[in-house]
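For reference, the structure is listed below as structure tokens.
Nothing in this text is a laboratory measurement; each read-out follows from the coordinates by a stated rule. All figures in this text were calculated on a predicted structure; none of them were measured in a lab. Reconstructed Cβ throughout: ideal geometry from the backbone, glycine too, with neighbour counts over all protein chains shown.
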Amino acid sequence: MHQSEVLRIVDQIHQAALEPAQWAPALQSMADAVGAIGSVIVPMDLAAPVPSFRSTALVPFTEYTPEWHARNSRVQRTLRRGLRRGFLDVDAMFTPHEFVRDAFNEEFMVPSLDSRSDVAFLVTPSLTDHVITISALRHHRRGRYSQEQKALWDLFGRHAARSLTIAATLAGGWEPRTATIEVLSRLDCGVAFLDATGRVQHLNAAAKTMLAGGGFSTVGGRLRARIPLDQPALDTLLRSAGSPDTAPGFVGPVHLRRPDGKPVLAHAIGVGADSAERLEVILLGRRSIVVFFVDPDAPGRLMPETVLTRFGLTPAEARLASHVGAGLPISEAAQRLGLTEGSARTIVKRIYAKLGFARQAELVRFVTRLSAIGGSES
């Protein structure tokens, strides 16, 4: 291959570090240069799901699912050998007899991609500890790769590794989200921005105020529950929101108790699925997270009756809904409003029926989100 063409492809690879949408054409150029059908970037040691970037020619083919990943003998052999970076001649991992009889080859590679032979380059970006593979998939009738083609893939793989490391750094840097941070920082509730490694990147003013005596703190750059017994619930919340397997949307709430025993409510949401954020999942294994903290006892925090009455509640129902929706037990809400617990439970049933809820957690989620966008009584 002419040197100018090699340099053009290398330039494409590095452009993809800044523009994730360019990975598809860059991967296709890499594949074309070594006589492959296409190429793909896949995190090798993630359990599920398995996000990927595929070259242009591979987009129409069968998706590489977690089920196939679990059966991929190439992955299993690579991980058993402890290989974490550098060029990998996948074909050399199998004897000719093993290669022909390998179930993954016969059931996925040939039927799905018309491919059997491939080479790969393994990457471990600096911000993560899991292995990413950049593989070239070759038409099974073309035979194995030549030494020249392997050397070329080694060269492209090294440049792709640098590009991915740059992309990982940018993915954790939050530069594209400055505007989002600015908007959410103005909310009345506490907001914490966590990168895909789980480290706190930003706390808004309300969250910083809560650190003094709220239900959470930061230790070593990570969120910690003030009461140790609440830590498992917080960990579960963050794992669920950050997992690529979780459907988009809010997770929670969980109650994080303050030293006086009163709760702060925490919701979390994983950041989306566009190209840049999908690359973040591939590189780091998780999504970035935004966590919202609401203190039900903060001055002006209870939702005004006029807001809740717009959803069909009577003033009496709205008063009780604001207390129960703030996370208080029904018995405590009843005591604060001068009601018997039995009467309060009857009213709560009417509230659920009018709002279409089945349990208190749904009401808490509803009131908390209304509070987050400015539910003050002033």
Residues whose modelled amide H sits under 5 Å from the amide H of ARG257, counting only those 5 or more places away in sequence or on another chain, are ILE227, VAL264
Exposure-ranked with fewest Cβ neighbours within 10 Å first, ILE41, ILE166 stand as ILE166, ILE41
The FRET efficiency for ALA92 and SER243, from their Cβ-Cβ distance with R0 = 51 Å and rounded to 0.05, is 0.90
Length gained, THR346-ARG80, 0.36 nm per residue minus C-alpha separation, equals 89.7 nm
Hits in the range 201-219: amide N under 18 Å from the 7 Å Cα→Cβ extension of ALA233, namely 211, 213-218
Sorted by chain and number, the residues with a modelled amide H under 5 Å from that of GLY38, at a separation of 5 or more or across chains, are LEU137
Once phi for every residue in the range 20-31 is put through the Karplus expression 6.51 cos²θ - 1.76 cosθ + 1.60 (θ = phi - 60°), the whole-Hz ³J(HN,Hα) values, with Gly and Pro written as x, are x, 5, 7, 5, 4, x, 5, 4, 5, 4, 4, 5
A chain fully extended from ARG199 to THR218 at 0.36 nm per residue, minus the present Cα-Cα distance, gains in nm 5.9 nm
The ³J(HN,Hα) series, computed from each phi in the range 260-267 with the Karplus coefficients 6.51, -1.76 and 1.60 at θ = phi - 60°, rounded to the nearest Hz and given as x for glycine or proline, is 7, x, 7, x, 10, 8, 10, 10
One finds, for GLU19 and ARG142 with R0 = 41 angstrom and r their Cβ-Cβ distance, a FRET efficiency to the nearest 0.05 of 0.85
Listing ASP102, ASP295, ASP11 by rising number of other beta-carbon atoms within 10 angstrom, fewest first, gives ASP11, ASP102, ASP295
Distance in nm between GLN3 and VAL59 label points, each 7 Å along Cα→Cβ, equals 3.4 nm
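Fewest first, what order do TYR352, TYR145 take by the number of other Cβ atoms within 10 Å?
With the sparsest Cβ surroundings first, the list reads TYR352, TYR145.
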